[in-house]
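The values are calculated or read from the model by the stated rules, or taken from the named source; none is laboratory data. Note that the structure is predicted; figures quoted are calculated from it, not measured. Cβ sites come from the backbone with ideal geometry, for glycine too, and all protein chains shown count toward neighbours. Quick note on the areas: whole protein, heavy atoms, side chains included, nothing else; ligands and nucleic acids left out. Shrake-Rupley method; radii C 1.70, N 1.55, O 1.52, S 1.80 Å.
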Amino acid sequence: MAHGGGGGGGGADVMACKQEEEVENKAAWLLGIKTLKIQPYHLPPLGPLDVKVRIKALGICGSDVHHFKTMRCASFVVKKPMVIGHECAGIIEEVGSEVKSLAVGDRVALEPGISCRRCNLCKEGRYNLCPEMKFFGSPPTNGSLANKVVHPANLCFKLPDNVSLEEGAMCEPLSVGVHACRRAQIGPATNVLIMGAGPIGLITLLASRAFGAPRVVIVDVDDRRLSIAKNLGADEIIHVSTNIQDVDEEVIKIQNAMGSGIDVSFDCVGYNKTMTTALNATQSGGKVCLIGLALTEMTVPLTPSAAREVDVIGIFRYRNTWPLCIEFLKTGKIDVKPLITHRFRFSQEEVEQAFETSAGGGNAIKYLQDLLHLMKKQLQQHSQNFENQAPVESQSEEKITGFVFLNEQFHGCIAESLRILQSKNDSNRCTFDDEEDLLMACIIEEMTIEVHGDRGRSSPPLVYFYLLSPPPREGRTNFISSSIRINRGRPLRRQNGCKLKHCDLAVEKLVNGGFLTEM
């Protein structure tokens, strides 16, 4: 769920100082069965190797839903109020004194588990099995559905420019599929069967393709999810029943659909029937990888499978997967965007709605919580007021104030507002090649737009953007404001960027009749 960090409940409170900022940090707390409440969340002190991240996108996982519905997931039991959530990405706001690899303003995907790094499993590189693992949103560790979190810098992975924060948050579920493919040694000679076309089944489909699997068959009880799987690249889809008496008949159907031996089967569900089907369908000498953990105990035909040397392997979360996931996203080898079906903003009402929707299944695959919708709605409301007013006279002025923008998507909102404002002064709207043509890549707490009226048909109107920054840090200057002269009817294009000392982030110059200057 992509979510904004403007303040509790999706508000737009401007934090003027560090102390107030920490007091106002809010998070979604799980207080009881199906009981979530956005409340203050006090962060731990920033360690020398830590970073503070403003969370911008967070997905709801199946384990989050289990916690929400039952206060437990497998052997993990919620015994006290806990901040929920772990699939996340955001923007770094502060770095520890010894952090060298990241800087303020970097967009990062967060690996949610902090291992002890001392036990034998950690030393062997199998840190995902660490008995002292502290994992976001897994009791008793608080999660990341919050405005801000503090996290070790070595578990925050910088995102390339062409990978969005939403995609960055999807690195967590994608890591499950990547780890499973590594464990099962998927390659160009591996035919794959996937039991279950839910989010993890679909992720495993994408990962199997990226690892080179030549043929993938996916099985489910839901035709709609099977249709999604087909659109994502499954070679064959098989509708099955929930009746375990149908296993033998369905195994024949699955094997015929594959057309050759099934080398690896992934059970992404974890029921008696799905595991039995996977074991029976897999060819002798193959592998069955159990990913889904629906049941803590199962009754399956293990002895016949052992006699055919069908290996059963399991996975638990993942390890060392984020760099490869980001590379898959960067190169386009994996596209997770079709899996993001819903977006919600970070407010009490919509957080509850997001979890209820996710818990209900239905048409949802992945849920993103997004403050951008609120901002666009506000812009539309302001534009209606603006359109209803009398034509702007020379030297007259309109102001739109009080927005808190997501850093990554700020330029898109500006582009929309400019179109709105430009249409008031000319019948030809200001056009853009794409949202990247208008980029304001700086951390912004509040924006004011002033439109100075029609300056004559030969001269486009002048629009001022006031970017009110936090107090400057030592050695840095505050960026006070900028002005952009909009060129009517022609695209604004980028030229050389100018660098601001505040936050050390670039602001692009706009040319072709438009320009950007410090006032």
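The residues of segment 169-212 that are surrounded by fewer than 22 Cβ atoms within 10 Å (Cβ to Cβ), aliphatic (A, V, I, L, M) and within 21 Å of Gln283 (Cα to Cα) amount to a single one, Ala189. Among the residues of segment 343-358, those that are touching a residue at least 60 places away in the same chain (Cβ under 8 Å) and either open to solvent by less than 50 Å² (accessible area, probe 1.4 Å) or part of a strand (DSSP E or B) (or both) comprise Arg343, Phe344, Phe346, Ser347, Glu350, Val351, Ala354, Phe355, Ser358.
One residue stands out in segment 282-297 among those that are open to solvent by 50 Å² or more (accessible area, probe 1.4 Å) and of a type in the set (Ser, Thr, Tyr): the one that is farthest from Gly198 (Cα to Cα), namely Ser284.
Which residue out of Ile252, Ile228, Ile238 is open to solvent by less than 80 Å² (accessible area, probe 1.4 Å), on the phi < 0 side of the Ramachandran plot and over 28 Å from the mean Cα position of the chain (by Cα)? From the options Ile252, Ile228, Ile238, the qualifying one is Ile238. Can you give me the number of residues within segment 6-47 that are touching a Gly at 6+ places or on another chain (Cβ under 6 Å), of a type in the set (Gly, Ala, Ser) and either buried (at least 18 other Cβ atoms within 10 Å of the Cβ) or at pLDDT below 95 (or both)? Summing the residues that are touching a Gly at 6+ places or on another chain (Cβ under 6 Å), of a type in the set (Gly, Ala, Ser) and either buried (at least 18 other Cβ atoms within 10 Å of the Cβ) or at pLDDT below 95 (or both) in segment 6-47 gives 1.
Conditions (1) part of a helix (DSSP H, G or I); (2) within 20 Å of Gly62 (Cα to Cα); (3) at pLDDT 95 or above; (4) not acidic (Asp, Glu), marked per residue:
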residue: Val219; (1), (2), (3), (4): no, yes, yes, yes
residue: Leu226; (1), (2), (3), (4): yes, yes, yes, yes
residue: Ile237; (1), (2), (3), (4): no, no, yes, yes
residue: Lys253; (1), (2), (3), (4): yes, no, yes, yes
residue: Ala257; (1), (2), (3), (4): yes, no, yes, yes
residue: Gly261; (1), (2), (3), (4): no, no, yes, yes
residue: Phe266; (1), (2), (3), (4): no, yes, yes, yes
residue: Gly270; (1), (2), (3), (4): no, yes, no, yes
residue: Thr277; (1), (2), (3), (4): yes, no, yes, yes
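The residues of segment 52-96 that are more than 15 Å from Leu293 (Cβ to Cβ), within 22 Å of the chain's Cα centre (by Cα) and outside any strand (DSSP E or B), listed by number, are Ile60, Phe68, Ile84, Gly85, His86.
Inspect segment 285-304 for any residue being in contact with a helix residue (DSSP H, G or I) (Cβ under 6 Å, 6 or more places away or on another chain) and in a helix (DSSP H, G or I) and give the result as yes or no. No, segment 285-304 contains no residue that is in contact with a helix residue (DSSP H, G or I) (Cβ under 6 Å, 6 or more places away or on another chain) and in a helix (DSSP H, G or I).
Note on segment 102-191: enclosed helices (runs of 4 or more DSSP H) holding 2 or more residues that are within 14 Å of the chain's Cα centre (by Cα) and within 21 Å of Lys56 (Cβ to Cβ) are 165-169, 171-184.
When Ile55, Ile84, Ile114, Ile60 are checked against the criterion of being at pLDDT below 95, surrounded by 14 or more Cβ atoms within 10 Å (Cβ to Cβ) and closer than 24 Å to Thr321 by Cα, a single residue qualifies: Ile60.
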